[in-house]
Amino acid sequence: RAGPGDPESSLTDYVVFAVVLLLSAAVGFYYAWRSRRQGNSRDFLTGGRKLNALAVSMSLTASYISSVTVLSNPAEVYRYGAIFGYLSISYVIAVVYTSEVFLPVFYRLAINSTYEYLELRFSRATRLLGMLIFFFNLLYTGLVIYAPALALNQVTGMNLWGGIISTATVCTLYCALGGLKAVVWTDVVQIGIMFAGYMSVIIKCVILKGGISTILSDAQEGGRINFVDFDINPLRRHTFWTLVIGGTVGWSAVYGTYQPQVQRYNSCKSIKHARLALFINVLGLACTLTSSVISGLCLYSFYKNCDPWKAGQVSSPDQLLPYLVMDILADHQGLPGLFFAAVYCASLSTVSTSINAMAAVTTEDLIKPRIKLSEKKLLLISKGLSVFFGIVCVAMAGLASLMGHMMQVEGSVNAELSMCSGKHIQERCCCLLESLCGLVTGLAAAVSVSIIGMISPSPPEMTRPLFLSTEGCNFTTGSSFNWTTPLHAVQWHSPSYLYFCVIGGLTSVIVGIIISLLTDFVIREIFFLFKCPFSLSLFPFVFLFLHLSLSLSYPSAMFVPCVTTENKIK
């Protein structure tokens, strides 16, 4: 298999790949030169709030299209069917919800860090805890760098650490030099390359198969057109409900409260542009998901009789799409290089987003509240932090290999992010105790189900992978294959990875509300009991139990003034 990194690879592939990386770096240098006179960190981190809707919408989409999306989503469709396309419904609901609930608040507050809102609404301790949870994002960023480098290394022979270091270096350069403007406009260039990579594979597959109808027919025969699945069992991996409910909660957390997304729409020149950016972004998300689904069906159409993974030709489902590229595009100079450049563009957009966001959070949440510095010094610190986080991302890539399947990890990270979403929507909780209790318990719940899901995955009867055949292979199977995981001896069925964020968010909100009701109840009843010796001496425990039951069943009862109850007893 010839490809970039292989001695037999076409020089054209090297050139295409190198030009993409240089183009990304050039955009960063250009905006660094244009903004060389910017004298404050706010312009560096928010683009001076002068960006237009189209650029921001494309950047929002590009930051979503990570290497996980490009490599893993088609593999999900290949293994579990086109039902994965129901995620498009969750995109629409999440964006509408964000535009009406979260966007007006964050845009009018004009804050650089979403965690600043947590301090305004709850407490400084909640803000710091939310910020620490955000740094879980470093794990995902490491995966985004490591995963494509590993896939391309095993399929094409491209040097593993060469790919990792080149990705991180280019990202760090244009993030540190140009700030958010460089990140946004680089995303605009990169999203075009990403779609070009997808389309090169899809178009070639359609040509070789004699039309899209053949691919759809193969998918139908193989059970991949499986949209009619309304099973409410939360243990099922993909059903209408897990994809729509789990997807909506997860993407509401991402678009509503996740620092990189909020930072982008806050950089628009007006709230109208910010809303427009979100809605245009839905089209980009839909196009991306459609491309993923069609690519997955193309994979199945080509390998329906000889699955490369089951036959041991690839070691992971995430390597299937690169394997297909080398099968059908190796004879076309430059096209394999274009696809691999698209994969790396997906990594660049996500990693640069994370670097810029982490620099913003560190500057706004850790440095500014504690140390008084001039704007010039804050600007230098922001740039230095961009370099620092670029280095950290390379280090985290070394840990990413231990974290399992890409989609599973993405669901786990989104679960941690949903804790902050839970805190943002929990408007009833207004004191330190309930906000911290909700955040901590929600985090504990999300981390627990995520870890259990990794060490004891659900069995095939729950995840329901579709049939894969090796009957048509004309080579010896390289390794045995078994759907069953040995660790499944532990009698635990993990819920769908799409529900991890639902579990974390709901736990956070419910615990916070219960603590809020209980603390309000205790304060009021202490006051009431000391005012009413009769109830204190005769029926304190009965009275407390009844009042607590009423309060939990009808929360509005908690807000009846104590003095009214006291007067009635008198």
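The values are calculated or read from the model by the stated rules, or taken from the named source; none is laboratory data. Keep in mind that what you see is a predicted model, and the values were worked out from it rather than measured. Quick reminder, even Gly has a Cβ in these numbers, built from the backbone with ideal geometry, and neighbours come from all protein chains shown.
Exactly one residue among LEU297, LEU285 is of a type outside the set (Phe, Trp, Tyr), in a helix (DSSP H, G or I) and farther than 24 Å from GLN190 by Cα, and that residue is LEU297. In summary, SER113 fulfils each of the numbered conditions (1) at pLDDT 75 or above; (2) in a helix (DSSP H, G or I); (3) crowded, with 20+ Cβ neighbours inside 10 Å; (4) not charged (D, E, K, R) with the single exception of condition (2).
Being assigned to a helix (DSSP H, G or I) and hydrophobic (A, V, I, L, M, F, W, C): is that true of LEU348 here? When the stated conditions are applied, LEU348 passes them. Put simply, of TYR323, TYR255 the only residue that is over 16 Å from the mean Cα position of the chain (by Cα) and either aromatic (Phe, Trp, Tyr) or at negative phi (or both) is TYR323. Screening LEU338 on (1) in contact with a Gly (Cβ under 6 Å, 6 or more places away or on another chain); (2) surrounded by fewer than 17 Cβ atoms within 10 Å (Cβ to Cβ) shows it passes everything except condition (2). Counting only residues that are out of contact with any Gly (no Cβ under 6 Å at 6 or more places or on another chain), more than 17 Å from PHE340 (Cα to Cα), of a type in the set (A, V, I, L, M, F, W, C) and crowded, with 24+ Cβ neighbours inside 10 Å, the stretch 57-79 holds 1 of them. Comparison of GLY130, GLY85 shows that the only residue that is part of a helix (DSSP H, G or I) and over 30 Å from ASP365 (Cα atoms) is GLY85.
All of (1) touching a Leu at 6+ places or on another chain (Cβ under 6 Å); (2) hydrophobic (A, V, I, L, M, F, W, C); (3) more than 18 Å from GLU100 (Cα to Cα) hold for ALA253 with one exception: (3).
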